[in-house]
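Colleague: Below is a structure I'd like to ask you about.
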Amino acid sequence: GTLPSGHAAVNRVWMWAALLACNLSVLLQAFTGLDTAGRAHGERLRRELLHIPARVIRHARRLELRLPPGSQILPEVLARLRALPTAA
């Protein structure tokens, strides 16, 4: 493949960003349960988790995420993240 720049420092940052994006995608797939038998695809992850129209609202002195009606996996993923043990 071709790197985006002729400058080594720019290419290094670009490669680290691509590696980070790949690892975050794998982590999100693991949390969502979308990765069935190692066959999850990025398009499904984007469609079911990342491309959800929502609004951040303030209700009862708390920030909440108002999601559109329908079955979505975002609330389940957020619950799984909140259930993770904290670092000591």
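Colleague: Given points 7 Å out from each Cα along the Cα-Cβ axis, report the residue 54 to residue 73 separation in nanometres with one decimal.
Modeller: My value for the distance between the label points is 1.4 nm.
Colleague: Could you please state how large a percent of the accessible area of the chain is carbon and sulfur, counting protein chains only and using a 1.4 Å probe?
Modeller: So the carbon and sulfur contribution to the accessible surface is 60 percent.
Colleague: How much length, in nm to one decimal, is gained on full extension between residue 65 and residue 5, taken as 0.36 nm per residue of separation minus their Cα-Cα distance?
Modeller: 17.7 nm
Colleague: Now, a different point. Relative to the first principal axis of the alpha-carbon coordinates of the chain, what is the inclination of helix 8-32, with its axis defined by its Cα atoms, in degrees from 0 to 90 and to the nearest 10?
Modeller: The angle comes out near 30 degrees.
Colleague: Using +1 on the beta carbon of Lys and Arg, -1 on that of Asp and Glu, and nothing else charged, what's the dipole of the chain about the Cα centre, debye to 20? Don't jump to the answer; show the numbers that get you there.
Modeller: Numbers: 12 positive and 5 negative charges, 76 e Å.
It works out to roughly 360 debye.
Colleague: Kindly express, to the nearest 10 degrees and within the range 0 to 90, the angle between helix 74-83's C-alpha long axis and the longest C-alpha principal axis of the chain.
Modeller: The helix 74-83 is inclined about 90 degrees to the chain.
Colleague: Right, another one. By how many nm would the segment from residue 84 to residue 47 grow when fully extended, if each residue of separation counts as 0.36 nm and the alpha-carbon distance is taken off?
Modeller: Here the answer is 10.9 nm.
The values are calculated or read from the model by the stated rules, or taken from the named source; none is laboratory data. Just so it is clear, the model here is predicted, and its values are computed rather than measured. Glycine also receives a Cβ, built like all others from the backbone with ideal geometry; neighbour counts cover every protein chain displayed. The protein model used for the area step is the full one, side chains on, heavy atoms only, and it has no ligands, DNA or RNA in it. Shrake-Rupley method; radii C 1.70, N 1.55, O 1.52, S 1.80 Å.
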